[in-house]
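Some notes on the structure that comes next.
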Amino acid sequence: MDKKTFLLIVILIFSLASISCKKENNNTNTKPSDNLAIDSLVASKRNIIVWEEIYITAYTKGQHLNFHWSTNHGSMQSTDSSTVKYWACPSCLGLNTVECKVSNEFGTVSDTIMINVK
Amino acid sequence: MKKHLLLFLIVLLITFKGYSQCCSAGNPLGGDASNEGLEKNELKIFTSYKHSLSKYYYHFDAPYDIPNIEKSFYDFQNISISYGVFSRLSINTELGYFFNKTQEVKLTNDNIIIKAQGLGDMGVSIRYLLFKTVKPVSQLVISGGVRIPVGAFNEEINGATVPISLQPSSGALKFKAGIFYSRKRNDRKLGWNSFLFLEYSNTINQGYLVYKYGNLMQLSVAATYEIHQKLNLLFNTKFEWRAHDIRENEMIIESTGSKVIFLNPQLIFAFKPDWSFIVMADLPVYKYVNGYQLTNSFSFQLGIRKKFKFNKS
């Protein structure tokens, strides 16, 4: 094998390996029960202006819970596991979705809440 | 003349308080510090470190006082490998890692630091040498490729996902194309080159996130000056145009997109045969942003480049 072929193969392998290493989303949701459920997501305000800070809390059932918060637009800081502080910068105007996923040994459940940023 | 040029460059680098694109998702436009074609069986490896600091909000073309952002910065390492497959065709791959991509935010009761790190996007492109002359030294190169979102796009802190703009990967497949022309007379120390770069982004469609980065166009014109046999100065002027980003339901995000003119001085020091040390900076001299956007103060890059020639002759 000459050097040229070898280099091309290395580049090809590098490319394919990188593509195949992408994370897969685990969206498998469990049926809510007393062992694991989100009763509600409650925001201190649902209509806010840019840079205004609100708190969003997940009320849940179950033990040994892990919380995972995500949003399509805006920033969040976890204050404790079940509550996040949410705010939005000028490029986050609109109706934004905040999702909370809660998991334990019984599975994963999720819920969303909409926050309108003006 | 040489002293004046060097002094001018140093003063510019130290005192400039410019503004440019703030932290945005994915890699900064890196490349291998050159857009030239390669000879057959020639291998070029380039690695660089880049630091960028953002501090000021702008509204249209003027500073706007928003006290909530203290600063935003990133430290990024890039590696780029190019290889001349045929006499006119070369292939380039590049990948980068963010040591940190950080934003310090002032909120009502506390200061918050949001930080992410990880692998950025991977670039793969080909370059085709349309023509090359020896006297004067000139070449015309066209290029095309993709930027693949292989890196981290789900970074989180204590269970809360960090915003898109701080994710190391852009999360979107991007297509890029460019055309490069350079020319220098053999008996002159001064030459010039120009580069047109276009980038189109696919829409991210991931759960609740539907997002399309605005198209990007960059047009550069550079004067190159041979200060010394081993030291070259490249004084690049770059116009960058970014269109609005778009979210779900084709909603245009008003506070995205910009028009910027950068000065992009570069010093290239060939300290050994086939080895070069490169210092460059991005210093925006004019910026117009749509809506309200965080803009940065400066960025600089240090890089090292090595060429290998595998020609049998």
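The values are calculated or read from the model by the stated rules, or taken from the named source; none is laboratory data. The model shown is predicted, which means the values in this text are computed figures rather than measured ones. A quick note on method: Cβ atoms are made from the backbone with ideal geometry, for glycine too, and the neighbour counts reach across all protein chains shown. What goes into the accessible areas is simple: the full protein's heavy atoms, side chains included, and nothing from ligands, DNA or RNA. Shrake-Rupley method; radii C 1.70, N 1.55, O 1.52, S 1.80 Å.
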If you take the residues in segment B:102-137 that are open to solvent by 10 Å² or more (accessible area, probe 1.4 Å) and in contact (Cβ under 8 Å) with a residue 60 or more places away in the chain, which one is farthest from B:Ile79 (Cα to Cα)? B:Lys132
Of the residues in segment B:150-176, those that are open to solvent by less than 10 Å² (accessible area, probe 1.4 Å) and more than 8 Å from every other protein chain (Cβ to nearest Cβ) number 6
Do any strands (runs of 3 or more DSSP E) lying entirely in segment A:45-118 carry at least 2 residues that are at pLDDT 95 or above and touching a Gly at 6+ places or on another chain (Cβ under 9 Å), and which ones are they? A:66-71, A:83-87, A:94-104, A:107-117
Quickly run through segment A:72-89 and pick out the residues that are at the interface with chain B (Cβ under 7 Å from one of its Cβ atoms) and among the β-branched types (Val, Ile, Thr). A:Val84
Go through (1) at pLDDT below 95; (2) more than 12 Å from chain A (Cβ to nearest Cβ) for B:Leu294 and report which single condition fails. (2)
Return yes or no: is B:Thr256 open to solvent by less than 60 Å² (accessible area, probe 1.4 Å), under 23 Å from B:Phe197 (Cα atoms), in contact with a helix residue (DSSP H, G or I) (Cβ under 6 Å, 6 or more places away or on another chain) and within 14 Å of chain A (Cβ to nearest Cβ)? yes
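Yes/no per residue for (1) of a type in the set (Val, Ile, Thr); (2) over 14 Å from B:Tyr208 (Cβ atoms):
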{"residue": "A:Leu41", "(1), (2)": "no, no"}
{"residue": "A:Ile56", "(1), (2)": "yes, yes"}
{"residue": "A:Asn66", "(1), (2)": "no, yes"}
{"residue": "A:Val84", "(1), (2)": "yes, yes"}
Looking at segment B:236-248, which of its residues are over 21 Å from B:Thr295 (Cβ atoms) and either open to solvent by less than 20 Å² (accessible area, probe 1.4 Å) or modelled with pLDDT under 95 (or both)? B:Arg247
Quick one: B:Phe271 ticks every box in (1) open to solvent by 60 Å² or more (accessible area, probe 1.4 Å); (2) closer than 22 Å to B:Phe98 by Cα bar one, so which box is it? (2)
Examine segment B:76-94 for a residue that is touching a residue at least 12 places away in the same chain (Cβ under 8 Å) and over 24 Å from B:Leu38 (Cα atoms), and state whether such a residue exists. yes
Which one is farthest from the other protein chains (Cβ to nearest Cβ), of the residues in segment B:81-101 that are within 30 Å of A:Val84 (Cβ to Cβ) and open to solvent by 10 Å² or more (accessible area, probe 1.4 Å)? B:Phe99
